[in-house]
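Rule-based calculations on the coordinates, nothing more; no lab input. This one's a predicted model, so the numbers in the text were calculated from it and none came from an experiment. For neighbour counting, all protein chains shown are included, and Cβ atoms are generated from backbone atoms with ideal geometry for every residue, glycine included.
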Ligand code: AKG
């Protein structure tokens, strides 16, 4: 499915990988981080979970234990969020100027975590102008199917606006996917297990979900959210860190660094 083998920081990705991402709305890139990097970032992520963990208690019960704005809370996780190899792939996939918006540590505890509900990321972002926005889901543990890897609906990022929920100002507004896209139950899904160090990228309009963790080990990942460089603030959910921003105001370089190759 994806590129193969470990990569150096400035490797270009193949045209085929880019084509598949644009067509399908997600792509799996193996071996982006080496074993030493995985060990270091996994330790930092575990420390953040010990000190700052929040609980995503969703429609399915406890779906994910997470740390919001993780890159602002740990220098090591900041380094991961700004990792040149991951940022470079994101830029090549997006094909336009991008900035880092946020990052989250995303864990599922063994035998406890429920499936992650079906959603796309655009709905929950308090921003406008998200045509190229994407998430890099970095595996900091092996994530086989049994540990709750993500599944994606191919081409769902291309569905028309009437089948998307572009924005919400409170979680009460969140619409079940079948209400806004009645064809959803009949769409094929692609389940993408990851080895530690692999990264799966998905467009912000790609419909996705994750399984429960029925294994004996914690599932741990780090989601890095990149947005169009000219994205602007649109009051919405999870916007506590945007205090002082006016509606329509562009993101600044200091709080939301530009990604460069
Ligand atoms: C995302 O990164 O967009 C997710 O939805 C993550 C969900 C999960 O980690 O289970």
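When 215, 103, 170, 141 are ordered from fewest to most other Cβ atoms inside 10 Å of their Cβ, what list results?
Values: 215 18, 103 27, 170 8, 141 22.
The order, fewest Cβ neighbours first, is 170, 215, 141, 103.
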- Size of segment 136-183 as Cα extents on the principal axes (Å, biggest first): 36, 26, 19
- Message: Give me the three principal axis extents of segment 172-261 from the C-alpha atoms, as integers in angstrom, largest value leading.
- Response: 42, 36, 26
- Query: Along its principal axes, what span do the Cα atoms of the chain show, with the longest given first and each in whole Å?
  - Reply: 43, 41, 38
- Report the relative contact order of segment 42-160, percent, no decimals, based on alpha-carbon pairs under 8 angstrom and at least 6 residues apart. 27
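Based only on other Cβ atoms within 10 Å, what is the fewest-to-most ordering of 112, 73?
Working: 112 13, 73 17.
Listing 112, 73 from fewest to most nearby Cβ atoms yields 112, 73.
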- Message: Order these by the 10 Å Cβ neighbour count, fewest first: 28, 119.
- Response: 119, 28
